[in-house]
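Worksheet: one structure, shown below.
Bear in mind that the values in this text are calculations on the coordinates, not laboratory data. What you are looking at is a predicted structure, and each value in this text was computed from that prediction instead of being measured. Here Cβ is always computed from backbone atoms with ideal geometry, including for glycine, and neighbour counts include all displayed protein chains.
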Amino acid sequence: MKKDSIVVFRRDLRIADNAALSAAMAAGPTLAVYVLDDAADGRPLGGAGRWWLHYAIVRLQRQLADLGVPLILRKGDLNTAVIDVAIATGACRVHWNRRYTPWGARADKALGIELQRIGILSDSFEGAYLREPGTLLAKSGACYRVFAHFYKASLAMAEPSAPLAAPGRQTMPDISVESETLEDWRLLPRNPDWASGLRRAWAPEASSGESRLFEFLNKDVASYAQDRDRPDIDATSALSPYLAHGELSPRQLWHAARRIQRASPGEGPGIDSFLRQLVWRDFSANLLYHFPDLANRPFQEKFERFPWADDPASLEAWRRGRTGYPWIDAGMRQLWVTGWMHNRVRMGVGSFLTKHLLLPWQCGEAWFWDTLVDADPAQNIANWQWVAGCGADAVPYFRIFNPITQGEKFDPTGRYLRRWQPAASSYVPGSAGVPPIIGHRQGRERALAAFRSLSDR
C-alpha cells in the first residue's frame, strides 16, 4: 500500500493550478500542511496580511476538505514542523511549490537536504509566475534591468503553460496527527478590532478570487487601458491580494484574459494592459532573485550615499494621512481603512515620502508591508525602489510627482477626494484644515539638492 504524501502550502493557497498538490495526489493518499512561520517571508507577516491569511486559509480548508485532503496547521519554524509531521505520519514524500526569494530558496534547499538525510523524498514545482525567475535572461546571460526589454522578451516566448485543473477527490487518509486551529493563531485583530473597514471593502466570507476575475474580465476590462489610472473609478481588477497569497495563479489570470481577447478582439487594449501588469510582477521577482540584497540595499549603488532625513514626526504624519496634502492623505486613509490603495495613488504617496520628505524608501516599504492586504515580498521592495528613483528601470529621482496636480488630473470628478478626505474642498494643500508639513516648492528644491549632492561626493 502506498504511503502518504505531504503537500506544503505557502503563498499558493489554491487547489487549481497547484502543481505540488496535483503531483502529491497523483502519487497516493495526501495530506496538506500549512505552517505559520514568522521568517517565511524574511520577516513576520504584516497585520493586514495576517487578516487576509485567516480567510484565505478558511477557503483553502473548505476546498481541501471537498478533495478529501486534511489540512494540518502548525506554528513555528516551517522546516521543523514539516519534518515533524512527515515523521509522525510516516509519509514517504513531501511536495512543495518553489519559492524564489533569497530567504525562501535557502530554507527550501535546507528542507530538501534534511528530508533526504532521514530518508524522505521531496519534489518541488514551479507555478508562482508566468516565467520561472532566473529563466528569462538577456542574450548576454544577464538579468534584464529594463522592464521594456523584459516585457518584449517575455511576449516573444511561447504562451505561458496552461493552468492545471484541480485534482479529483481522494479518500480521506486515516491520520491522527496534532493540528492547531486558526483561532489558536489569533490572526484577526482584537482589542481593538481595527479591521471593520477591511471587512466592508473585501467581504471575505462571500467573495472569491474566481468571482472577482470573472466580473473584471466580463465587465471592467474593456475600459481598463484608459481608466486604470483613475482612482475615482472602479476600473482596476482588485485581484492583487488573491495573487499575493496565491489564491489565484498568474497563469489562471493570463489564460482567462486570453480567452476573452480571442472571443472579443475589441477588448485587446484593455487585455494587453492588464497582462502587462502580470509581466511586471515577474520582473520584480526576477530582480529579487538575481539581486538578493535588494531588500536592504538600493539597486543603484550611488544611493548608498543619499542624505536621507531622520524625521519621525513627518513619517508619522505621512502614515496617518496628516501631511496637509489631500491627495497624499486620501491615499493613506484609503490604505488604513481598506488595506489597499490605488496604484496611481501609491506612486504619489511614495514620491512624497522619499522626495518631499526625504525619508528612506525602507520606511514606506515597511509601512506598506504591515498595512497592505496584497503585500508581496518582491513587488513591495521593487516598487518602492522604483518610486524612490534608486531601483532598476526606476522613475528618475528628479521626477518629483506634484501632489496637487496629480490629484486634479487623476481625480477630475473629485469622487476619490470626497470619499477619503471629505473635509477637503480641493487638492490645494491645507484645504482639509491640516497645514502642509512642507511646501511643494520647498520639498522639490530640497530633494533636487539632495540628489545633486550624490555627484559632489
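Where does the chain land at 222 nm, in deg cm²/dmol rounded to the nearest 500, when only DSSP H runs of n ≥ 4 count, each adding -39500 (n - 2.57), divided by all residues?
On the way: 20 runs with 214 residues, N = 457.
Theoretical 222 nm ellipticity from helices: -14000 deg cm²/dmol.
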Checklist outcome for this item: Binned at 10 Å starting from 0, the alpha-carbon pair-distance distribution of the chain in whole percents comes out as 4, 19, 29, 27, 15, 5, 1, 0
Checklist entry - Treating the beta-carbon of each Lys and Arg as +1 and of each Asp and Glu as -1, no other charges, what is the dipole magnitude of the chain about its Cα centre, to the nearest 20 debye? => result 960
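Using 0.36 nm times the number of residues separating Leu121 and Glu304, minus their current alpha carbon distance, what extension gain do you get?
Values: separation 183, 0.36 × 183 = 65.88 nm, distance 4.39 nm.
Once the chain is fully extended between Leu121 and Glu304, it gains 61.5 nm.
Tally Lys and Arg at +1 and Asp and Glu at -1 over the other residues with C-beta under 15 Å from the C-beta of Gly42: what net charge comes out?
Values: positive: Arg10, Arg11, Arg43, Arg99, Arg106, Arg297; negative: Asp37, Asp38, Asp41, Asp77, Asp108, Asp293, Glu365, Asp370, Asp376.
Here the charged neighbours net out to -3.
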Item to check | Reach of Lys219 by Cα under 16 Å, taken over aspartates and glutamates that are not fewer than 8 positions away in the same chain | outcome: Glu210, Asp227, Asp234, Glu267, Asp272
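Sort 91-99, 359-367 by packing, meaning the average of other beta carbons within 10 Å per residue, with the highest value first.
Numbers: 91-99: 22.1, 359-367: 20.6.
Most protected by this proxy first, the peptides run 91-99, 359-367.
Taking Cα pairs under 8 Å and at least six residues apart, what relative contact order does the stretch 371-457 come out at, in percent? Can you show the working numbers first?
Values: 56 pairs, mean separation 14.1, N = 87.
It rounds to 16 percent for the stretch 371-457.
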Item to check | Pair Ala156, Lys219: separation of 7 Å Cα→Cβ label points (nm) | outcome: 4.0
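For every other residue with a beta carbon closer than 13 angstrom to the beta carbon of Gly134, add +1 if it is Lys or Arg and -1 if Asp or Glu, then tell me the sum.
On the way: positive: Arg98, Arg99, Arg131; negative: Glu126, Glu132, Asp282.
Result for the local shell: 0.
List the relative contact order of the chain as a percent without decimals, with contacts defined as Cα pairs under 8 Å and 6+ residues apart.
On the way: 742 pairs, mean separation 80.1, N = 457.
That works out to 18 percent.
What FRET efficiency would be calculated for the residue pair Ile87, Val395, taking the C-beta separation as r and a Förster radius of 30 Å, to the nearest 0.05? Working shown, then result.
Numbers: r = 51 Å, r/R0 = 1.70.
Plugging the Cβ-Cβ distance into 1/(1 + (r/R0)^6) gives 0.05.
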Item to check | Linear extension gain, Glu445 paired with Val146, 0.36 nm per residue minus alpha-carbon span | outcome: 104.8 nm
Checklist entry - Out of Leu359, Ala447, Leu372, whose Cα points farthest toward the positive end of the dipole of the stretch 301-456 (charges: +1 Lys, Arg; -1 Asp, Glu; placed on Cβ)? => result Ala447
Checklist outcome for this item: Computed for the stretch 375-457: size of charge dipole around the Cα centre, +1 on C-beta of each Lys and Arg, -1 on C-beta of each Asp and Glu, debye to nearest 20, value 220
Checklist outcome for this item: P(r) over all Cα-Cα pairs of the stretch 5-127, 10 Å bins from 0 to the longest distance, whole percent per bin, short to long, reads 13, 48, 35, 4
Checklist entry - Could you list, bin by bin from short to long, the percent of Cα-Cα pairs of the stretch 301-456 in 10 Å steps? => result 11, 44, 36, 9, 1
Checklist entry - Which lysines have a Cα lying under 21 Å from the Cα of Lys109, excluding residues fewer than 8 positions away in the same chain? => result Lys75
Checklist outcome for this item: Treating only Lys and Arg (+1) and Asp and Glu (-1) as charged, each at its beta carbon, one finds that the stretch 5-127 has a dipole about its Cα centre, in Debye to the nearest 20, of 180
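Which net charge results when you count Lys and Arg as +1 and Asp and Glu as -1 among the other residues whose beta-carbon is under 9 Å from that of Asn79? It would help to have the intermediate numbers written out before the result.
Details: positive: none; negative: Asp37, Asp77, Asp108, Glu114.
The answer is -4.
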Item to check | Stokes-Einstein D (µm²/s) once Rh is taken as the Kirkwood radius of the stretch 201-346 over alpha-carbon pairs, at 20 °C in 1.002 mPa s | outcome: 120
Checklist outcome for this item: Calc'd 3J(HN,Hα), the stretch 437-448, phi into Karplus 6.51 cos²θ - 1.76 cosθ + 1.60 (θ = phi - 60°), Hz, glycine/Pro = x, comes to 6, 7, x, 4, 5, 4, x, 5, 5, 5, 5, 5
